[in-house]
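Structure first, then comments.
The values are calculated or read from the model by the stated rules, or taken from the named source; none is laboratory data. Predicted model only: the values in this text are computed from it and were never measured. Cβ atoms come from the backbone with ideal geometry, glycine included; neighbour counts cover every protein chain shown.
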Amino acid sequence: MAEEYFDVIIVGAGLSGIGTAWHLQDKCPDKRYLILEGRESMGGTWDLFRYPGIRSDSDMYTLGYNFNAEYG
């Protein structure tokens with residue numbers, strides 16, 4: 001089995017993990033990274049905890065990505 005090497009290992013595919021991966025691709029395209037997520041889906045806390053009837057009607061700027069074309 002061949003060994004693989006990564007410059008960065010990101011633990012968790014929540015908001016921070018996904019954001020970190022994007023910034024690595026943008027600012028350090030020569031770095032190899034790996035995202036490790038224990039769950040089957042991405043999204044972290046915001047995907048895991050769902051409360052019926054609770055939502056936000058604001059932009060949620062602090063919980064979004066400035067690189068998302070939909071909001072840019």
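Quick check, is Trp46 part of a helix (DSSP H, G or I) and modelled with pLDDT under 75?
Against the criterion (part of a helix (DSSP H, G or I) and modelled with pLDDT under 75), Trp46 qualifies.
Checking Tyr61 against (1) at pLDDT below 80; (2) in contact with a strand residue (DSSP E or B) (Cβ under 6 Å, 6 or more places away or on another chain); (3) not polar (S, T, N, Q), which single condition isn't satisfied?
Just one mismatch for Tyr61, condition (2).
Within region 1-43, work out how many residues are out of contact with any strand residue (DSSP E or B) (no Cβ under 7 Å at 6 or more places or on another chain) and of a type outside the set (Phe, Trp, Tyr).
Total meeting the criteria: 25.
Name the pairs whose Cβ atoms lie under 7 Å apart, with the first residue in region 1-29 and under 18 Å from Phe67 (Cβ atoms), the second exposed (fewer than 12 other Cβ atoms within 10 Å of the Cβ) and hydroxyl-bearing (Ser, Thr, Tyr), and 6 or more positions between them or separate chains?
Gly14/Thr45
State yes or no: is Leu24 at pLDDT 85 or above, surrounded by 11 or more Cβ atoms within 10 Å (Cβ to Cβ) and outside any helix (DSSP H, G or I)?
For Leu24, the condition - at pLDDT 85 or above, surrounded by 11 or more Cβ atoms within 10 Å (Cβ to Cβ) and outside any helix (DSSP H, G or I) - is not met.
All but one of (1) surrounded by 10 or more Cβ atoms within 10 Å (Cβ to Cβ); (2) within 14 Å of the chain's Cα centre (by Cα) hold for Ser41; which doesn't?
(1)
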